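Note sheet for the following structure.
Nothing in this text is a laboratory measurement; each read-out follows from the coordinates by a stated rule. It should be emphasised that the depicted structure is a prediction, and the values quoted were computed from it without experimental measurement. Virtual Cβ from ideal backbone geometry, glycine too; neighbours counted across all protein chains shown.
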Amino acid sequence: MIYSHEVKGMCKVAQGVCHASAPIPIEANWVRAKEVSDISGLTHGVGWCAPQQGACKLTINVKSGIIEETLIETIGCSGMTHSAAMAAEIMPGRTILEALNTDLVCDAINTAMRELFLQLAYGRTQSAFSEGGLPIGAGLEDLGKGLRSQVGTVYGTLAKGPRYLEMAEGYVTGIALDADDEIIGYKFVSLGRMTEFIQKGDDPNTAWEKASGEYGRVADAVRIIDPRKE
């Protein structure tokens with residue numbers, strides 16, 4: 001340890017106050033975290049790249065400071081999907097401090113990791129008050145049975161109005177309009193379920209029909225338009 005000349009010349013004064021760090025909730029316990037290994041929890045966060053052309057939702061499940069599980073969801077940038085593939089190999093097994101200081105290939109993923117680190121450090125996790133935390137595998141629950149991200153893609157112009165392209169239920173195949181040309185529902189196909197039906201032996205047309213559904217007052221529609229053609 002090197003001390004400056006000024007510090008060396010100072011007299012010794014006792015530190016009378018010992019104010020410990022504030023306890024944070026970690027998996028149903030109050031913990032005064034001092035080491036990375038004191039941190040556990042499952043948490044989510046969103047990051048964005050410098051040009052803001054894409055975003056990442058990152059989920060990690062941390063046990064004793066180690067990332068045991070990660071879910072990386074990206075949107076808006078084709079290259080980001082490949083970055084996510086590499087990050088999924090990099091992150092598990094690293095401490096949260098290592099992950100914070102590791103190039104996770106994409107700015108959006110790096111930014112998301114920064115936000116997650118803050119949540120973990122301040123006890124703002126989804127499992128803060130869950131005894132024992134959440135099991136490894138809990139990150140997949142956000143995806144549902146089809147193991148696909150919840151995506152909403154909607155386009156609109158002043159001249160022609162809104163077009164629903166993809167909603168949480170699936171790929172939109174038709175928009176239901178009433179007599180005033182206002183949207184009252186939509187038809188969709190769940191591509192994840194369709195793929196599963198095909199894998200189980202259904203032909204594509206049968207799989208399409210079985211994976212199709214509708215939302216809203218489609219039966220009351222005056223007309224149904226194709227959002228990608230009309």
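Most exposed first by the Cβ proxy, i.e. fewest other Cβ within 10 Å, how do SER83, SER64, SER149 rank?
Details: SER83 23, SER64 12, SER149 15.
In increasing order of surrounding Cβ atoms, one gets SER64, SER149, SER83.
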What distance in nm separates the simple spin-label points at TYR215 and ASP203, each placed 7 Å from Cα in the Cβ direction? 3.1
With a ≥ b ≥ c the root eigenvalues of the C-alpha gyration tensor of the stretch 153-225, is it rounded (a/c under 1.5), prolate (a/b larger than b/c) or oblate? prolate
GNM top mover of ALA138, ALA179, ALA14 - the chain, alpha-carbon springs below 10 Å: ALA14
What distance in nm separates the two pseudo spin-label positions at LYS229 and TYR3, each 7 Å out from Cα along the beta-carbon direction? 8.3
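For n ≥ 4 DSSP H runs only, could you compute -39500 (n - 2.57) per run for the chain, divide by its residues and tell me the 222 nm figure to the nearest 500?
Numbers: 6 runs with 53 residues, N = 230.
That comes out to -6500 deg cm²/dmol.
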Can you give the charge dipole size of the chain about its Cα centre, rounded to the nearest 20 debye, using +1 on the beta carbon of Lys and Arg and -1 on the beta carbon of Asp and Glu? 620
Amide H within-cut-off set for HIS44, under 5 Å, with H built and near neighbours excluded: GLN126
Backbone N within the stretch 128-144 under 17 Å of label point (7 Å from SER64 Cα along the Cβ vector): 132-136
Can you flag which of LYS200/LYS229; LYS160/LYS187; LYS12/LYS34 are past 23 Å Cα-Cα? LYS200/LYS229; LYS12/LYS34
Radius 12 Å from Cβ of ASN101, net charge of other residues (Lys, Arg +1; Asp, Glu -1): 0
Can you give me the angle between helix 107-121 and the longest principal axis of the chain, using Cα atoms only, in degrees from 0 to 90, rounded to the nearest 10? 60
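Would you mind classifying the chain by shape? Square roots of the alpha carbon gyration tensor eigenvalues, ordered a ≥ b ≥ c; an a/c under 1.5 is rounded, otherwise it is prolate if a/b is larger than b/c and oblate if not. If you can, show how the numbers build up before the last one.
Numbers: a/c = 2.76, a/b = 2.38, b/c = 1.16.
Prolate is the answer for the chain, as a/c is 1.5 or above and a/b outweighs b/c.
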What is the Cα centroid distance between the stretch 154-226 and the stretch 114-132, reported in whole angstrom? 37
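Can you figure out the FRET efficiency of THR153 with LEU118, using R₀ = 35 Å and their beta-carbon distance, to the nearest 0.05?
On the way: r = 30 Å, r/R0 = 0.84.
Plugging the Cβ-Cβ distance into 1/(1 + (r/R0)^6) gives 0.75.
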If one builds a Gaussian network model of the chain from Cα atoms under 10 Å apart, the most fluctuating residue listed among GLU98, GLU182, GLU27 is GLU182
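Would you kindly state how much longer the chain becomes between ILE136 and THR102 on full extension, computed as 0.36 nm times their sequence separation minus their alpha carbon distance, in nm to one decimal?
So the extension gain works out to 10.0 nm.
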Given backbone amide H placed at 1.01 Å from N, residues whose amide H is under 5 Å from that of ARG94, ignoring those fewer than 5 places away on the same chain, are ILE67
Most fluctuating residue of GLY156, GLY45, GLY123 in a GNM of the chain with Cα springs under 10 Å: which is it? GLY156
Chymotrypsin sites (Phe, Trp or Tyr not before Pro) within the stretch 1-62: which are DSSP loop residues with at most 12 other Cβ atoms inside 10 Å? TYR3
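Pop out the Kirkwood hydrodynamic radius of the stretch 22-142 from its pairwise C-alpha distances, inverse of mean 1/r, in Å to one decimal. Mind showing how you got there, number by number?
Details: mean 1/r = 0.0706 Å⁻¹.
14.2 Å is the Kirkwood radius here.
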